[in-house]
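Data first, discussion second: the structure below is written as structure tokens.
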Amino acid sequence: MSETTDGPGNGATLHPHEVHDLVGGWPAFEALVDTFYAKVERDELLRPLYPEDLAPGKHKLALFLAQYWGGGDVYSRHHGHPRLRMRHAPFPITPEAAARWAELMSAAIREQGFPADVEVLLLRYVATATPQMINRYPETPDHLPVHPR
Ligand code: HEM
């Protein structure tokens, strides 16, 4: 099947920049992030990574996602280039924590009732972007032998 005949449901014909308008704009991103943060707040692995006041980070995440999915550049105008890996460097993000983040965000996405092709695109984004934030590998010894023999 060619790309142009792919129908809704597989995300193949949807451009990321169309998502913002398809889901109804800013309120949809606020709702998604509300749902996600409610899960983070109850999560014993992720909650300790976040500061006591969740509100500023929550707003930034909604601004970032709205921008990423085609809603204009409000995040960048207020906060500069996203540089997400660098911004996450202060938080010890293990593979386990990243997997939990992806699990909670994926659940939050599914709860929004977005069109199927939008949902596929968002889930795919979470699956590929989240592992990029990993910056701690606790199972790796501090000093690996250079010459194991
Ligand atoms: C798709 C993957 C992710 C995206 C798009 C994302 C996005 C963001 C954004 C935009 C911010 C605000 C940055 C700023 O402007 O200061 C942020 C902050 C943060 N993120 Fe992520 N993030 C992702 C993955 C993760 C993961 C895997 C973790 C931990 C397991 C994590 C933990 C945090 C924490 C602790 C903050 C600080 C919140 C605060 O200061 O209140 N993020 N993230």
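The values are calculated or read from the model by the stated rules, or taken from the named source; none is laboratory data. Fair warning: this is a prediction, and the values are worked out from it, not measured in the lab. Cβ sites come from the backbone with ideal geometry, for glycine too, and all protein chains shown count toward neighbours.
Here the condition is being at pLDDT 95 or above and touching an Asp or Glu at 6+ places or on another chain (Cβ under 6 Å); of Ala62, Ala31, Ala89, it holds for Ala62 alone. Could you list, in sequence order, all residues of region 75-84 that are near the ligand (Cβ under 9 Å from one of its atoms), more than 14 Å from Ala129 (Cα to Cα) and exposed (fewer than 14 other Cβ atoms within 10 Å of the Cβ)? His78, Gly80, listed by residue number. The listed residues are Leu45, Leu22, and the only one of them that is within 10 Å of the ligand (Cβ to nearest atom) and modelled with pLDDT of 95 or more turns out to be Leu45.
Is at least one residue of region 85-105 of a type in the set (Lys, Arg) and more than 12 Å from the ligand (Cβ to nearest atom)? No, region 85-105 has no match at all.
For beta carbons closer than 7 Å, sequence separation of 6+ or different chains, a first residue in region 88-106 that is within 20 Å of Lys60 (Cα to Cα) and a second that is more than 6 Å from the ligand (Cβ to nearest atom) and in a helix (DSSP H, G or I), the qualifying pairs are Ala98/Pro131; Ala102/Ala127; Leu104/Phe36; Leu104/Lys39; Leu104/Val40; Met105/Phe36; Ser106/Leu123. The set of residues in region 106-133 that are under 17 Å from Ala31 (Cβ atoms) and near the ligand (Cβ under 7 Å from one of its atoms) contains only Val126.
Could we say that Pro138 is loosely packed, with under 15 Cβ neighbours inside 10 Å, assigned to a loop (DSSP other than H, G, I, E, B) and within 11 Å of the ligand (Cβ to nearest atom) here? Here the answer is no, as Pro138 does not meet what is asked. In region 51-74, of all residues being over 15 Å from the mean Cα position of the chain (by Cα) and within 11 Å of the ligand (Cβ to nearest atom), the one that is surrounded by the most Cβ atoms within 10 Å (Cβ to Cβ) corresponds to Leu54.
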